[in-house]
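Novice: The structure under discussion is supplied below as structure tokens; questions concerning it will follow.
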Amino acid sequence: MSVRHSLGGALRATLLACLLAFGTGAAGAEDEPAVRMHPALAGIDWTEVNEVEVALKDHSYEPDEIRLKVGQPYKLVLRNVGAVAHDMVGGSLFDEKVIALRMVNSSVGRVIADYVNSVYVRSRNNIELWLVPLKPGEYSFFCSLPGHREDGMEGIVRIVP
Ligand SMILES: [Cu+2]
């Protein structure tokens, strides 16, 4: 019983070693990071991007209603004109069936990610969300910093066909 157990352990150890070796080899062969592009972004002409700006104030969004059209490329600029940090928590707005996110851009860098669920904007900073709306509907968003939503810092994105 104990012999069989230790043999099993040795076999598992060998298998693990093989998997690790294989994994290392595979990762080393790839020079580029594997960033998945949302399939809905294929063929989008970003030279025709529509810019929509939302001011983040202490404590409100202006405007607090944003209207976007399905299939159009947008640069949604979140401009924090307030004295404190704010964010935008999108919930189902950020679902990949609702928007196709190309990237998140700021003055200090760029994030290419296929999914985010909130965007944090420091005082006197801008963050751009490059996206294509996919699914018509009304999607609420809010600021999750303590007390801000209660003060009325929330809004709605209307995606229209
Ligand atoms: Cu806020």
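Novice: Take the Cβ-Cβ distance between Leu134 and Val84 as r, set R0 to 30 Å, and report the resulting FRET efficiency rounded to the nearest 0.05.
Specialist: Step by step, r from the Cβ atoms, then E = 0.35.
Novice: Give me the one-decimal nm value for the distance between modelled label points at Gln72 and Leu145, 7 Å along each residue's Cα-to-Cβ direction.
Specialist: Spacing of the two 7 Å Cα→Cβ label points: 3.0 nm.
Novice: Turning to a different aspect of this structure: Counting pairs of alpha carbon atoms under 8 Å apart in space and at least six apart in sequence, what relative contact order in percent does the stretch 39-160 give?
Specialist: This gives 33 percent for the stretch 39-160.
Novice: Between Val160 and Asp58, what is the FRET efficiency for a Förster distance of 30 Å, r being their Cβ-Cβ separation, to the nearest 0.05?
Specialist: Efficiency computed from Cβ-Cβ geometry: 0.50.
Novice: Using r as the Cβ-Cβ distance of Asn117 and Asp45, and R0 as 25 Å, what FRET efficiency do you calculate, to the nearest 0.05?
Specialist: Taking R0 as 25 Å, the efficiency between Asn117 and Asp45 is 0.35.
Every number here is computed from the coordinates shown, using simple stated rules; none is lab data. Only a predicted model underlies this, so the values are computations on that prediction, with no experimental measurement involved. Using ideal geometry, Cβ is built from the backbone for each residue, glycine included, and neighbour counts are taken over all protein chains shown.
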